[in-house]
Amino acid sequence: MATPTVRDRARAVQLRQQLHRANYAYYVLDEPILPDAVYDQLYRELTGLEQQFPQLLTLDSPTQRVGATPAARFTSVRHNIALHSLENAFNTEELQRWAERWQKLVSEQAEASYVCELKIDGSALALTYEQGVLIRAATRGDGVTGEDITQNVRTLHSVPLRLQTDEPPDILEVRGEAFMPLAEFNRLNLEREAEGENLFANPRNAAAGTLRQLNPQVVSQRRLQFFAYSAHFPAEAQLSHFTPTIPHSQWVVLERLEALGFLVNPHRQRCDSLAAVQVYFERWETERKNLPYLTDGVVVKLNDLALQSALGFTQKFPRWAIALKYPADEAPTVVKAITVNVGRTGAITPMAIMKPVRLAGTTVQRATLHNRDRIQELDIRVGDTVVVRKAGEIIPEVVRVLPELRPVGTEIYQLPERCPECGQPAIQPPDEAVMRCVNNSCPAILRGSLIHWASRDALDIRGLGEKVSSLLLETGLVHSVADLYRLEPNTLASLERLGPKSAQNLLSALADSKQQPWSRVLYGLGIRYVGSVNARILTTEFTSVEALAEANVSVLEAVFGIGVEIAQSVHEWFRIPANQSLIEQLQQVGLQFASAESNQSFAPAKPLAGKIFVLTGTLPALSRNDAKSLIEAQGGRITGSVSKKTHYVVVGDDPGSKLAKAEKLGITLLNEAQLQELLAAN
């Protein structure tokens, strides 16, 4: 694996500091210090360094952040439903691969339709309505928490203060994009120029800065707009007086939002195939230039909400949606070498080292090749002329090879069969495209685990960086994160490059880390697919490690935002004896494995945990809310639609189409008496 120079290390530190200052100035102080183009250039340079040298990657790096820290001058609020970002695609081939991925995850070959919406370049907002009245508006923040900017959003005329219905749902979550029209952006900049103020770099920055103004009158004067694009209605069982049926498709959601008084983008389109999506995408590549606002792509969503629910989420993205971005700069260059890096999870990632080329304002020398399949697809070789791009993507990648320019005598590149760090055989799991080192004693994996454990979003242990981690591993003092808490002052002080003061500082930081909350500890464990946002979601639902360890896949998957991939990974991780031993050791040294509100004792799983119920029709004695409360009290979950995952359908009078679907799928049917018997038996 390539070793970074002192200059590389210093540059990575400098870039992180610059980007942190820029983020703080923009998101917290509302006083941008860098133009967008400069920020993107620095961001991409840091990403390139981290891709080339995984040792430089830290969890406090801006490249690892999902969203920005909420501004200190606004109240921080937790989102009722996490806001996930979207995966990007840059051509229809990548769109096709996305479709193939989700189709593999459904039990039947689904005849899917799609909804295409223009991707507005603005600021995401989460709006909460109770009994039809706007009670909260929050920024996206980090996806789990955001800023409460309700007073500012109330000034946006395209955000209804009260829903246009006499029978609103008890609670409704609406998501959308606040943006500044181009005419207003130009007017505002002319005004600022006349007053000698700094100009806004682009409409997106202007919209974000406006929403964070302390004075709502300023927000009102800037005439922001808001397009609603999704809504989370409560399950049918939770509705008390909402007459309209709950939408079961994205298209109907958009129509319902319009009916409720929201501005919805008029250029949306329902497409019955990916070919129709491509026609829509190509059409707007030209026509978007005539729009009164900026858009840089198309958001493609599966129309069927039940299918969306079944597919769930990856660590970062929903599987049922993707952002198809319009192409940015591409440039040709020559491949000088192909190397591989070994990451914390053992992933062996190939990287092209190229002749430097100017691309989107920066000089690019390295590009990811992703995995063996991608290498074979490209047939890339040392000496090849390739086309690289950096479209909205942070990491440069090779788009295609120009075989007509290939020099004579090139050789087909083969990924190494052994890990370049430890020499052990590398494997390719049958369901993955990535080669992996599975040797838990591999120096790269151990070093990555220590660095991850000490990172800012995890245990935040100052002084435990790459150099010290490598030193502790080389001297045999540490073989797992638990060993960190057994280090002795004299032993540490005797190590080269440490000394008494540095040793004491490290021990103090380790002692302080024992007070970090359960969510940070879970994230620090490095469970595959569990990022910092998902760790917070999980520890909110499971307030102790015992509760999380005992949860089965169905229970885990039932948590909103935790898809089957994450659920299986968490469940399998806690089944491994070595991991169970690690938890015990960390508990013994005093790490926090329960939330503050937990009583530290393990509550046994409820008898109906993981069981999914659907209610249909009117029950003789129980109201829907009563039935829901009884089922949920024993751990069951209520959903609004019947699928193969449904365990029971509770049938009352006038059941409708859900009964027919349940009978077709062979799902167990219960009347009210049988439901009461089931509840009493548990």
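The values are calculated or read from the model by the stated rules, or taken from the named source; none is laboratory data. If you're wondering where the values come from, they're calculated on a predicted model, not measured in any experiment. For neighbour counting, all protein chains shown are included, and Cβ atoms are generated from backbone atoms with ideal geometry for every residue, glycine included. For the accessible areas, the whole protein counts, side chains as well, though only heavy atoms, and no ligand, DNA or RNA atoms are used. Shrake-Rupley method; radii C 1.70, N 1.55, O 1.52, S 1.80 Å.
Go through region 153-204 and give me each residue that's of a type in the set (Gly, Ala, Ser), under 30 Å from His79 (Cα atoms) and either part of a loop (DSSP other than H, G, I, E, B) or open to solvent by 80 Å² or more (accessible area, probe 1.4 Å) (or both).
Once the filter is applied, which keeps residues that are of a type in the set (Gly, Ala, Ser), under 30 Å from His79 (Cα atoms) and either part of a loop (DSSP other than H, G, I, E, B) or open to solvent by 80 Å² or more (accessible area, probe 1.4 Å) (or both), region 153-204 yields Ser158, Ala201.
How many residues does region 190-213 hold that are under 34 Å from the mean Cα position of the chain (by Cα) and either under 23 Å from Ala231 (Cβ atoms) or not charged (D, E, K, R) (or both)?
14
Between residues in region 221-233 that are crowded, with 21+ Cβ neighbours inside 10 Å and residues that are of a type in the set (S, T, N, Q) and modelled with pLDDT of 90 or more, which pairs lie under 7 Å by C-beta distance while being six or more apart or on different chains?
Once the first residue is crowded, with 21+ Cβ neighbours inside 10 Å and sits in region 221-233, its partners that are of a type in the set (S, T, N, Q) and modelled with pLDDT of 90 or more give Phe227/Asn265.
With respect to the numbered conditions (1) open to solvent by less than 10 Å² (accessible area, probe 1.4 Å); (2) of a type outside the set (D, E, K, R); (3) free of Cβ contacts under 8 Å to residues at least 60 places away in the same chain; (4) not in a strand (DSSP E or B), which one is the sole condition not fulfilled by Thr128?
Looking at each condition in turn, Thr128 falls short on (4).
Report whether or not Asp483 is in a helix (DSSP H, G or I), open to solvent by 10 Å² or more (accessible area, probe 1.4 Å) and among the acidic types (Asp, Glu).
Spelling it out, Asp483 is indeed in a helix (DSSP H, G or I), open to solvent by 10 Å² or more (accessible area, probe 1.4 Å) and among the acidic types (Asp, Glu).
Would you be able to say whether some residue in region 307-316 is open to solvent by 50 Å² or more (accessible area, probe 1.4 Å), touching a residue at least 24 places away in the same chain (Cβ under 8 Å) and among the hydroxyl-bearing types (Ser, Thr, Tyr)?
Scanning region 307-316 turns up at least one residue that is open to solvent by 50 Å² or more (accessible area, probe 1.4 Å), touching a residue at least 24 places away in the same chain (Cβ under 8 Å) and among the hydroxyl-bearing types (Ser, Thr, Tyr).
Would you say Lys611 is buried (at least 19 other Cβ atoms within 10 Å of the Cβ), at pLDDT below 85 and under 30 Å from Thr540 (Cβ atoms)?
Considered against the rule, which asks whether it is buried (at least 19 other Cβ atoms within 10 Å of the Cβ), at pLDDT below 85 and under 30 Å from Thr540 (Cβ atoms), Lys611 comes out as yes.
Of all residues being under 21 Å from Val559 (Cβ atoms) and in contact (Cβ under 8 Å) with a residue 40 or more places away in the chain in region 636-670, which is most open to solvent (accessible area, probe 1.4 Å)? Just the residue, please.
Here the answer is Lys644.
Under 7 Å by Cβ, and 6 or more places apart or on different chains, what pairs join a residue from region 534-549 that is closer than 20 Å to Ser581 by Cα and in a helix (DSSP H, G or I) with one that is of a type in the set (Asp, Glu) and open to solvent by less than 20 Å² (accessible area, probe 1.4 Å)?
none
Which of the residues that make up region 289-303 are at pLDDT 90 or above and either in contact with a His (Cβ under 9 Å, 6 or more places away or on another chain) or of a type in the set (A, V, I, L, M, F, W, C) (or both)?
Leu291, Val298, Val299, Val300, Leu302 - these are the residues of region 289-303 that are at pLDDT 90 or above and either in contact with a His (Cβ under 9 Å, 6 or more places away or on another chain) or of a type in the set (A, V, I, L, M, F, W, C) (or both).
Please work out which one of (1) in contact (Cβ under 8 Å) with a residue 40 or more places away in the chain; (2) among the charged types (D, E, K, R); (3) more than 22 Å from Pro169 (Cα to Cα) is the condition Arg136 fails and give its number.
Against the list (1) in contact (Cβ under 8 Å) with a residue 40 or more places away in the chain; (2) among the charged types (D, E, K, R); (3) more than 22 Å from Pro169 (Cα to Cα), Arg136 comes up short only on (3).
Is it the case that some residue within region 648-658 is out of contact with any Ser or Thr (no Cβ under 8 Å at 6 or more places or on another chain) and at pLDDT 80 or above? Talk me through it step by step, then tell me what you get.
Going residue by residue through region 648-658, those that are out of contact with any Ser or Thr (no Cβ under 8 Å at 6 or more places or on another chain) are 657.
Adding the requirement that they be at pLDDT 80 or above leaves none.
Looking for residues that are out of contact with any Ser or Thr (no Cβ under 8 Å at 6 or more places or on another chain) and at pLDDT 80 or above, one finds none in region 648-658, hence no.
Here's the yes/no breakdown for (1) at pLDDT below 85; (2) open to solvent by 20 Å² or more (accessible area, probe 1.4 Å); (3) over 30 Å from Arg101 (Cα atoms); (4) not in a strand (DSSP E or B):
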site: Ala426; (1), (2), (3), (4): no, no, no, no
site: Arg447; (1), (2), (3), (4): no, yes, yes, yes
site: Leu450; (1), (2), (3), (4): no, no, yes, yes
site: Leu459; (1), (2), (3), (4): no, no, yes, yes
site: Leu464; (1), (2), (3), (4): no, no, yes, yes
site: Val468; (1), (2), (3), (4): no, yes, yes, yes
site: Gly476; (1), (2), (3), (4): no, yes, yes, yes
